[in-house]
1. Filtering region 34-59 down to residues that are among the hydrophobic types (A, V, I, L, M, F, W, C) and in a helix (DSSP H, G or I), which residue is surrounded by the fewest Cβ atoms within 10 Å (Cβ to Cβ)?
2. Looking only at residues that are under 12 Å from Ser42 (Cβ atoms) and surrounded by 13 or more Cβ atoms within 10 Å (Cβ to Cβ) in region 2-30, which one is farthest from the chain's Cα centre (by Cα)?
Amino acid sequence: MSKQVIEYDGEAVGVVVPDKDRLKFLAVKYHVWDLDKQHFHSADEARTAIRHLLAGRSRQSQRSHSAGFAA
């Protein structure tokens, strides 16, 4: 295992570094800070967690904007 840069939508958002028998994610962008220092089995697992995190925020943001226009 070696450290790897993790990108989302073409932008570096963090790195995974070996930590014992897993990879620890270190966030470098605020929008993925919730995942900082979490452990993953693979870089792909970290990427999946980032996609889920950001997809959830996108849905939440869309609902907030929709509610604002409906008022």
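1. Among those residues, the one meeting the criterion is Ala55.
2. Among those residues, the one meeting the criterion is Arg22.
FYI, it's all coordinate maths here, none of it is from the lab. The structure displayed is predicted, hence computed values, not measured ones. Cβ coordinates were reconstructed from backbone atoms using ideal geometry, including for glycine residues, and neighbour counts include every protein chain displayed.
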